[in-house]
Amino acid sequence: MIQRKSLVMGNHIIAGILAVVFVSIVAHPGRPALQDSPQARVIFQAAERNRTDDGVITPEEFKDIFATFDINTDGEVTEKEFLFIWKDRQLGDLSAASIFFHHIDTDRDNLLSEIPDMSRTFYYFDSNQDGKINLVEFVIVWINLSH
């Protein structure tokens with residue numbers, strides 16, 4: 001039953017995204033199409049399924065993303081660790097990874113740490129401030145931070 005609800009919720013999210021894309025193309029033919037990121041979707045789906053598979057990323061699941069990049073488990077992610085995992089998971093080109101890393105290094109110490117960087121980054125991804133990150137929020141912010 002839970003899997004069926006997740007499937008239905010996932011289908012609603014996909015249908016919503018497709019509807020927005022269709023309307024934006026038809027209503028505004030001169031405007032460029034909305035961007036998407038397969039890499040962001042892969043990360044979202046892996047993090048989201050890790051604990052609950054409910055269609056959103058919770059703060060705990062967001063911490064799991066951070067832990068994936070923390071190769072030596074010291075509680076901090078260096079740019080080298082970040083780039084290694086980015087490349088290993090084929091999340092896109094390394095220049096986008098470097099840009100993304102520096103955007104989410106909110107205290108500018110060249111390290112990602114759970115506090116303050118990840119808590120601030122979660123807040124940024126959670127654009128409607130409901131304490132959860134849905135797929136649309138994740139993809140939009142991912143694209144903005146990696147360019």
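Tell me whether the range 82-93 contains one or more residues that are of a type in the set (S, T, N, Q), under 16 Å from Asn134 (Cβ atoms) and at pLDDT below 90. Before the answer, list the steps.
Within the range 82-93, the subset of a type in the set (S, T, N, Q) is 90.
Among the residues that remain, those that are also under 16 Å from Asn134 (Cβ atoms) are: none.
No, the range 82-93 contains no residue that is of a type in the set (S, T, N, Q), under 16 Å from Asn134 (Cβ atoms) and at pLDDT below 90.
With respect to the numbered conditions (1) on the phi > 0 side of the Ramachandran plot; (2) charged (D, E, K, R); (3) buried (at least 17 other Cβ atoms within 10 Å of the Cβ), which one is the sole condition not fulfilled by Glu48?
Exception for Glu48: condition (1).
So which of Asp64, Asp107 is outside any helix (DSSP H, G or I), on the phi < 0 side of the Ramachandran plot and of a type outside the set (Phe, Trp, Tyr)?
Working: Asp64 fails: outside any helix (DSSP H, G or I).
After ruling out the rest, the residue left standing is Asp107.
For the range 112-147, what are the residues that are of a type in the set (Lys, Arg) and over 18 Å from Gln45 (Cβ atoms)?
At the first step, the residues of the range 112-147 found to be of a type in the set (Lys, Arg) are 120, 132.
Within the range 112-147, Arg120 is the sole residue that qualifies.
The values are calculated or read from the model by the stated rules, or taken from the named source; none is laboratory data. Keep in mind the model is a prediction, meaning the values are calculated, not measured. FYI the Cβ positions are ideal-geometry reconstructions off the backbone, even for glycines, and counts take in every protein chain you see.
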